[in-house]
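Note sheet for the following structure.
The values are calculated or read from the model by the stated rules, or taken from the named source; none is laboratory data. Everything quoted here is computed from the prediction, not taken from an experiment. Here Cβ is always computed from backbone atoms with ideal geometry, including for glycine, and neighbour counts include all displayed protein chains. What goes into the accessible areas is simple: the full protein's heavy atoms, side chains included, and nothing from ligands, DNA or RNA. Shrake-Rupley method; radii C 1.70, N 1.55, O 1.52, S 1.80 Å.
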Amino acid sequence: MRLYRAHVLVCAGAGCISSGCQAVKNALLENIERLGLQQEVKVVETGCMGPCDLGPVIVVYPEGVFYRQLKPSDAVEIAEEHLLKGRVVRRLLYQPAESAAPATSFEQIDFFQKQTRIALRNTGIINPESVEEYIARDGYRALGRALVEMTPDQVLDCIKRSGLRGRGGAGFPTGLKWEFTARAPGEIKYVVCNADEGDPGAFMDRSIIEGDPHSVLEGMAICGYAIGARQGYVYVRAEYPLAVERLELAITRARRYGLLGDNIFGTDFSFDVEIRVGAGAFVCGEETALLASIEGRRGEPRPRPPFPAVQGLWGKPTVINNVETWANVPPIILNGADWFAAIGTEKSKGTKVFALAGKVNNTGLVEVPMGTTLREIIFDIGGGIPGGKQFKAVQTGGPSGGCIPASHLDVPVDYESLTGLGAIMGSGGMIVLDESTCMVDLARFFLEFVQDESCGKCSPCRIGTRRMLEILERIIKGQGRDGDIELLEELGRNIKSSALCGLGQTAPNPVLSTIRHFRDEYAAHIYDRKCPAGVCRDLIVYTISEEKCNGCGRCALVCPARAIVGEKKKAHRIEVEKCIRCGTCMEKCKFMAIYTM
């Protein structure tokens, strides 16, 4: 086995791939070969490292130097200066906004410092296509311990005592779900991984499969041993081609090493995994709809009970957990239930992975202990709001979640606290909003998504969300009526109490939470015919200040509707009846003479 004096880890998560990491990697390889360093320096393609806004990124070991926003042309300097001469290329280092000195190591960056990585322990560190690298990081050791040193009941007890709860949204205790399935009658049982991540702005599960697929397979195999199942399925959406490719490769290589298949580790336990690719229907994230899709039927929810733990895939007892939940299982078996239970809060144990996106300086993938406050995630890890704007709210839980205002920034992030604010943990989407966001329009966006994705099986979801959407569309067009807010609340409560599945029951959450925390914005739209954020076009009136306008005529030249009139070198005016409210005039005015009312 060859030993190298330096390793260059190139982030090859989906975000960095889209920003050109492959070109950077190829340029590095060319320059390493040009300098004759190919026997000394190894370039490794990893999964997502986390800071997606900084891509393409690389880390050079053993120093741990973090380079960001690279171009292929930067590879020449990195190879010649750092890899050949040992000199750090300072202009490519991460520069904290509040510090004059750049961070010479990724460990000095707040984004990494304040995280605790369990589910993401290997992403960005190992080559996801190498089972050997996973094994070198204690991979499959937990499975070996479970098979050789523990009984199925002991595995179940360990998961229960750890306090691990499902990371897919509902937060049901994982150990209890496994135990119900294990105790259910029947010789044939199944293990299913829900990798159908459909929330806008969410990419947690995708990044784990792309960066550490073996952790998911190992977790599923441990569950199979605990409940008496021999077959597992990973249901992943077709929009994740890289995840599917790396998962297929991981399954093939695990079989080759005898880590999947018959008589694993020389025991009488046999377990295998197959992939099922979904067409991308949001409703297939609901467990019973997912099972129907695996079976080849239309992905529609069914009433429960019976629950999948009793009657699931093909009518057999089935455990369904999401990707992040499975990735937590091996470390719990290796380190013990008490180790995991010591992290987090009394009722929410361990860590949670979030996809931090929206109006925040540092976007990307973060993993923090349960109980970390929203302020710590958004401002300490996320770096705060760009452009000097004010934080307004954060949307958690995707379309099924809710908005949390600035007054609750110090609330600990756990299942109970978020539910109490009208939001949910969800799978981990976290979209930050600043003062320029209209909360009514945001609620309309999420409701439009849910309405479009509704399977239509139950009338509360199919018809109720349509009626709510129609009311919101009227409001943002300046056609709101007295009583609309109360009607939205009544419809939302009825849908929550009568919809068939969890997705329908949580569909009104974005509307109800924005009404709860931002009722004044709804009132401004309805009674004042104004959008406080200046987003809803039908409620915006553009005006030219006579004091600031010098009559340069630039606004009139760019106006597509020819709605601006006036003599040269004299204050202009906007003919409101012609204005299409595109905002081009305000963008082009150099004297800030145009404003909205």
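Taking (1) buried (at least 24 other Cβ atoms within 10 Å of the Cβ); (2) at positive phi in turn, V360 satisfies each apart from (2). For beta carbons closer than 6 Å, sequence separation of 6+ or different chains, a first residue in the stretch 136-163 that is on the phi > 0 side of the Ramachandran plot and a second that is surrounded by 21 or more Cβ atoms within 10 Å (Cβ to Cβ), the qualifying pairs are Y140/E218; Y140/L259; G163/K349. Of all residues in the stretch 519-543, those that are open to solvent by 20 Å² or more (accessible area, probe 1.4 Å) and over 15 Å from R481 (Cα atoms) total 9.
When the stretch 543-575 is filtered for residues that are under 20 Å from A533 (Cα atoms) and not hydroxyl-bearing (S, T, Y), only I544 remains. Scan the stretch 469-518 for residues that are among the charged types (D, E, K, R), free of Cβ contacts under 8 Å to residues at least 12 places away in the same chain and within 17 Å of R529 (Cβ to Cβ) and the total you get is 1.
Tell me whether the stretch 576-584 contains one or more residues that are under 19 Å from A393 (Cβ atoms) and of a type in the set (G, A, S).
No, every residue in the stretch 576-584 fails to be under 19 Å from A393 (Cβ atoms) and of a type in the set (G, A, S).
Considering the conditions (1) open to solvent by 10 Å² or more (accessible area, probe 1.4 Å); (2) in contact with a Phe, Trp or Tyr (Cβ under 9 Å, 6 or more places away or on another chain); (3) closer than 29 Å to K496 by Cα, I385 is excluded by exactly one of them, (3). With respect to the conditions (1) more than 21 Å from the chain's Cα centre (by Cα); (2) open to solvent by 10 Å² or more (accessible area, probe 1.4 Å); (3) more than 24 Å from G139 (Cβ to Cβ), G258 falls short on a single one, namely (3).
Under the condition of being open to solvent by less than 30 Å² (accessible area, probe 1.4 Å) and in a loop (DSSP other than H, G, I, E, B), which residue from the stretch 1-28 is farthest from E77 (Cα to Cα)? Per the criteria, the residue is G13. Checked against the criterion of being open to solvent by less than 10 Å² (accessible area, probe 1.4 Å), of a type in the set (G, A, S) and either within 23 Å of the chain's Cα centre (by Cα) or more than 14 Å from L164 (Cα to Cα) (or both), the candidates A281, A292 yield just one match: A292.
Restricting the stretch 484-501 to residues that are open to solvent by 30 Å² or more (accessible area, probe 1.4 Å) and not hydrophobic (A, V, I, L, M, F, W, C) leaves a set whose member that is nearest to G169 (Cα to Cα) is K496.
You will find that of I495, I485, I515, the residue that is more than 29 Å from the chain's Cα centre (by Cα) and in a helix (DSSP H, G or I) is I485 and no other. Residues that are over 29 Å from the mean Cα position of the chain (by Cα) and crowded, with 16+ Cβ neighbours inside 10 Å were ranked within the stretch 182-196; the one that is nearest to G280 (Cα to Cα) is K189.
Apart from one condition, S105 fits all of (1) small (G, A, S); (2) modelled with pLDDT under 95; (3) within 25 Å of the chain's Cα centre (by Cα); the exception is (3). Of the residues E287, E218, E239, the single one that is in contact (Cβ under 8 Å) with a residue 24 or more places away in the chain, more than 19 Å from A14 (Cα to Cα), open to solvent by 10 Å² or more (accessible area, probe 1.4 Å) and of a type outside the set (A, V, I, L, M, F, W, C) is E287. Could you tell me whether any residue of the stretch 322-335 is in contact with a strand residue (DSSP E or B) (Cβ under 7 Å, 6 or more places away or on another chain), surrounded by fewer than 21 Cβ atoms within 10 Å (Cβ to Cβ) and either small (G, A, S) or under 21 Å from G428 (Cα atoms) (or both)? For the stretch 322-335, residues in contact with a strand residue (DSSP E or B) (Cβ under 7 Å, 6 or more places away or on another chain), surrounded by fewer than 21 Cβ atoms within 10 Å (Cβ to Cβ) and either small (G, A, S) or under 21 Å from G428 (Cα atoms) (or both): absent. Residues in the stretch 169-181: is at least one assigned to a loop (DSSP other than H, G, I, E, B), in contact with a Ser or Thr (Cβ under 9 Å, 6 or more places away or on another chain) and of a type in the set (A, V, I, L, M)? There is no residue in the stretch 169-181 that is assigned to a loop (DSSP other than H, G, I, E, B), in contact with a Ser or Thr (Cβ under 9 Å, 6 or more places away or on another chain) and of a type in the set (A, V, I, L, M). Every listed requirement among (1) at pLDDT 90 or above; (2) touching a Ser or Thr at 6+ places or on another chain (Cβ under 9 Å); (3) over 21 Å from R467 (Cβ atoms); (4) of a type in the set (A, V, I, L, M) is met by I540 save one, (1). If we scan the stretch 29-36, do we find a residue that is farther than 27 Å from D212 by Cβ, free of Cβ contacts under 8 Å to residues at least 60 places away in the same chain and assigned to a loop (DSSP other than H, G, I, E, B)? Yes - at least one qualifying residue is present in the stretch 29-36. Of the residues in the stretch 40-56, at least one is out of contact with any Cys (no Cβ under 8 Å at 6 or more places or on another chain), outside any strand (DSSP E or B), surrounded by 15 or more Cβ atoms within 10 Å (Cβ to Cβ) and at pLDDT 95 or above.
Set side by side, the residues L70, L84, L92 differ, and just one is open to solvent by 60 Å² or more (accessible area, probe 1.4 Å), touching a residue at least 24 places away in the same chain (Cβ under 8 Å) and farther than 30 Å from I343 by Cβ, which is L84.
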